[in-house]
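Trainee: Please see the structure below; I have some questions.
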Amino acid sequence: MAVEPNDPTAGRPRPARPQPPRPELSVEPLRPRQESTADSRLPKIATGLWAVTAALILALAAVIALNWNVVLSGVETAVAQQDSTASAADVRNTASATLISSGAAAAVLVLLGFVSLNLLRGAATSSKILMGAVGILTIGAAVTFSTFVSDASALLGGVLQWGPFVVAGAAAAATVVALLPRRPSRQ
């Protein structure tokens, strides 16, 4: 395209378009901010109770780790009673796997509990379902674990006999508090 020599706008830039005036905006929240109420403390209480549950699980794990051979022989006795045809190596492997898998399951449940409590603070609907499931699974795992170690000797006042039930009670308390309905505050 050739530029004609007589065109007066050929070499000049076009003038900038004027900017339209900006509208004034004000943003108001759809829901007013809720004031702190007694119900807003429930997630903190549930988190504290879940932390107690985690501490109790760690204490039981420490007792087992410090007395591994005694606890392992107690679990081996229970395994040998259930399957008298198993070899000594199979009994030992089964008992070891039982204790290690119980510890791994406890670690996963504790982490899931903290995740669901964190979601619960954000008022996610699915967090109550997750917390209920984690609570029920933790209670069941603690009671089941008590049957695994029921033949272990009475260490530290029988902590392996009553300790799992204390864990189950703490998990139940944390779950109930987490699942309590929270009322919105009135302003």
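No value in this document is a laboratory result; all are computed from the given coordinates. Source: prediction; values computed, not measured. Here the Cβ positions follow ideal geometry from the backbone for every residue, glycine too, while neighbour counts run over all protein chains shown.
Trainee: Could you tell me the calculated FRET efficiency between Leu58 and Ala133, based on Cβ-Cβ distance and R0 = 22 angstrom, to the nearest 0.05?
Mentor: Values: r = 22 Å, r/R0 = 1.01.
Calculated transfer efficiency: 0.50.
Trainee: Extension gain Asp90-Phe165, at 0.36 nm per residue separation less the Cα-Cα distance, in nm?
Mentor: Details: separation 75, 0.36 × 75 = 27.00 nm, distance 2.89 nm.
Taking 0.36 nm per residue and subtracting the Cα distance, the gain is 24.1 nm.
Trainee: Between Arg12 and Val108, what is the label-point separation in nm under the 7 Å Cα-to-beta-carbon projection?
Mentor: Between Val108 and Arg12, the simple spin-label model gives 7.7 nm.
Trainee: Let me make sure I get this right: for segment 133-179, a, b and c are the square roots of the gyration tensor eigenvalues over alpha carbons, sorted descending. Under 1.5 in a/c it's rounded, otherwise prolate if a/b > b/c, else oblate. Which is it? It would help to have the intermediate numbers written out before the result.
Mentor: Details: a/c = 5.60, a/b = 2.13, b/c = 2.64.
Oblate, since a/c reaches 1.5 and b/c is not below a/b.
Trainee: What list of ³J(HN,Hα) values in whole Hz, one per residue of segment 16-29 in order, does the Karplus curve 6.51 cos²θ - 1.76 cosθ + 1.60 (θ = phi - 60°) give from phi, with Gly and Pro shown as x?
Mentor: Here the 3J(HN,Hα) series is 5, 6, x, 6, x, x, 7, x, 7, 10, 9, 10, 10, x Hz.
Trainee: Roughly speaking, what is the stretch gain from Ser126 to Ser150, that is 0.36 nm per residue apart minus the C-alpha to C-alpha distance, in nm to one decimal? Walk me through the intermediate numbers first.
Mentor: Details: separation 24, 0.36 × 24 = 8.64 nm, distance 3.60 nm.
Full-extension gain reported as 5.0 nm.
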